[in-house]
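Some notes on the structure that comes next.
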Amino acid sequence: MTSRPGQASLPPGSTIGVVGGGQLGRMLAFAAHQHGYRVAVLTGGEKDSPAGTVAEIEIAAGFDDEVAIGRLLAESDVITWEFENVDAGIADAAARAGLEVRPSGKIIATAQDRRAEKAALQAAGVAVAAWRSASSEAELETAVRELGLPVVAKAARFGYDGKGQARIERMDEVAGVWQHLGSQRLVVESVVEFERELSVIVARTRLGEVADHGVMENHHVDHILDSTVTPAHLSSQRMGEAGVIAARIAEEWDLVGVMCVEMFDAADGLIVNEVAPRPHNSGHCTIEAAPASQFEQQLRAVVGMPLGDGSCRPAAMVQLLGDLFLEGEPDWSRVFAPSSGLSAGSGLSAGNVHLHLYGKHEPRKGRKMGHMTAVGDDPDDLRDSLVALRQALTDR
C-alpha cells in the first residue's frame, strides 16, 4: 500500500516506516501494534536493534544505503523519525516515492544544524540565548569577545547528550577548544543562568490540532538526562507560557508529528535551548502518566488521526545507564519488591514502579539501557525513591 499526499488517515494494517532503530522507535512500535499498525525500521546498521526486535521488518543497513532506503520506502505507507541525526535526503527520496514524511525533512534538516535551528526559533518569535556562528579560530575568538565570558561552543551539526561542545571561561582557552571540537563550524552561545531545565513535548496533526503533556522538569548529569518529574515546579503563568512557546514553534514550523522543546527557566523568562523533532527521554513517564503517551501521540499524528489526551498525573522517571551493568546484571527483582531496602515512606510499591528495558545487547558507560517510572501524589518523593531504588539495583 502506498499513501497518497493529503490522504485523511491511514487505516490499521498500514506500515509505519521509522528511521532509526533505538528505544524511541521500540516504544513507538509498541504503540503502533496496540492500534493494529505494522512497523518497518531502518536501523543505521545495527542488527537486532531495540526497535528492530519488535518491528515486523528490520532493515539493518546504513542511513545512506540507497538500496536499504528503497526497501524502507517500498515497505512503508508513511515515514517518521526516532533519530534526527541522519541524512535528510531520505525525506527527498520519500517524496519522490509519493510518501508523506512526518515530521518533514525540512524540520529534520533544521534540527540537525544549530545555526539553522537558532535562526528558525528566532523567526518563530521565541527567546533563545545570545549566539554567534564561527567557522574559524579567529571567528570563534571574535564571537567570545562579542558575547562575553563564559560561553559554550557547540558543533553546529549532529551534537547530542553534550557531545561536541565545550565551555569557555577564559580567552586563552579559545585555541584549545577550536582544536578539541575538530576545527569545524560552531555555534557559540552565552551561558544562561537558570533555575531549572524544562521540556514540553508537543504533538501536532496535519489539520493543525495541537496537544502537549504539560511541563517536565529535568535533571542532567554529565550532560545526559538523569531524571524527570512532572509537573515542573513552575507558576501556573509560566506553565502556560511554556505551552504557548511549544505550540508556537510547532505551528510556525508546520510540524506534523511530535517535538520536544527544551527550555531554561531563567530570571527574565523562558529561554528555548534546543528542539528534538521526535519523542524524547523526558517524556517517558507519559506512558504510565497520560491517557495518550508521547508515542501514541506520534502514532496518531503520523497516521492522520486526532490526538489523544496527553495530560499527565504527577510522575517521575529515572534513566538506567550502562554504568549499572559494569559489575554484572542488576538485580531486577528489587523493582518488583521496591520496598526492600528502602524507607517505609518511600511511596513505591510493586504496583507503581514500571521498568522499561530497551533490549540493548552491549552496556556501555553512559549508554541508555532503560528507565523506571512511578506515578503517585508527590513527584519529588517518587523521584527520590526511584533514585534510591536504582542504587539498590547494584547492591551485592
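The values are calculated or read from the model by the stated rules, or taken from the named source; none is laboratory data. Keep in mind it's a predicted model, so treat the numbers as computed, not measured. Positions of Cβ are generated from backbone atoms using ideal geometry, with glycine treated the same way; all protein chains shown enter the neighbour counts. Accessible surface is based on the protein model in full, side chains and every heavy atom, while ligands, DNA and RNA are left aside. Shrake-Rupley method; radii C 1.70, N 1.55, O 1.52, S 1.80 Å.
Table for the structure above
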| quantity | calculated |
| --- | --- |
| Selected residue (criterion: least open to solvent (accessible area, probe 1.4 Å)) from residues of region 238-249 that are of a type in the set (Val, Ile, Thr) and touching a strand residue (DSSP E or B) at 6+ places or on another chain (Cβ under 8 Å) | Ile249 |
| Residue in region 190-199 that is polar (S, T, N, Q), free of Cβ contacts under 8 Å to residues at least 60 places away in the same chain, out of contact with any Ser or Thr (no Cβ under 6 Å at 6 or more places or on another chain) and under 26 Å from Glu146 (Cα atoms) present | no |
| Any hit, region 249-258, residues being touching a His at 6+ places or on another chain (Cβ under 9 Å), closer than 25 Å to Lys118 by Cα and not acidic (Asp, Glu) | yes |
| Residue list for region 12-51, filter: of a type in the set (A, V, I, L, M, F, W, C) and surrounded by fewer than 24 Cβ atoms within 10 Å (Cβ to Cβ) | Phe30, Ala31 |
| Those residues of region 215-229 which are more than 17 Å from Ala276 (Cβ to Cβ) and either touching a Pro at 6+ places or on another chain (Cβ under 6 Å) or open to solvent by less than 10 Å² (accessible area, probe 1.4 Å) (or both), in sequence order | Ser227, Val229 |
| Hits in region 109-135 (condition: farther than 19 Å from Ile245 by Cα, of a type outside the set (S, T, N, Q) and open to solvent by less than 30 Å² (accessible area, probe 1.4 Å)) | Asp113, Ala134 |
| Members of region 250-274 that are touching an Asp or Glu at 6+ places or on another chain (Cβ under 9 Å), open to solvent by 10 Å² or more (accessible area, probe 1.4 Å) and either in a helix (DSSP H, G or I) or β-branched (Val, Ile, Thr) (or both) | Val256, Ile271 |
| Complete set of residues in region 33-84 that are under 19 Å from the mean Cα position of the chain (by Cα) and among the β-branched types (Val, Ile, Thr) | Val41, Thr43, Ile79, Thr80 |
| Residue match in region 316-331 (condition: more than 26 Å from Ser104 (Cα to Cα), among the hydrophobic types (A, V, I, L, M, F, W, C) and without any contact (Cβ under 8 Å) to a residue 60 or more places away in the chain) | yes |
| Ile57 vs. criteria among the β-branched types (Val, Ile, Thr) and surrounded by fewer than 19 Cβ atoms within 10 Å (Cβ to Cβ) | yes |
| Qualifying position, being open to solvent by 40 Å² or more (accessible area, probe 1.4 Å), closer than 30 Å to Val303 by Cβ and at pLDDT 95 or above, among Arg206, Arg170, Arg196 | Arg206 |
| Among residues of region 343-370, those that are under 18 Å from the mean Cα position of the chain (by Cα), closer than 15 Å to His284 by Cβ and at pLDDT below 95, counted | 0 |
| Residue in region 144-161 that is open to solvent by less than 20 Å² (accessible area, probe 1.4 Å) and either within 30 Å of Gly304 (Cα to Cα) or touching a residue at least 60 places away in the same chain (Cβ under 8 Å) (or both) present | no |
| Cβ pairs under 7 Å, 6+ apart, first in region 226-252 and within 26 Å of Leu386 (Cβ to Cβ), second open to solvent by less than 10 Å² (accessible area, probe 1.4 Å) and in a helix (DSSP H, G or I) | Thr228/Ser282; Thr230/Ala289 |
| Of the criteria (1) touching a helix residue (DSSP H, G or I) at 6+ places or on another chain (Cβ under 8 Å); (2) modelled with pLDDT under 95; (3) open to solvent by 50 Å² or more (accessible area, probe 1.4 Å); (4) not hydrophobic (A, V, I, L, M, F, W, C), which one Asp212 fails | (2) |
| Residues located in region 70-87, provided they are among the small types (Gly, Ala, Ser) and either within 16 Å of Ala51 (Cα to Cα) or buried (at least 23 other Cβ atoms within 10 Å of the Cβ) (or both) | Ser76 |
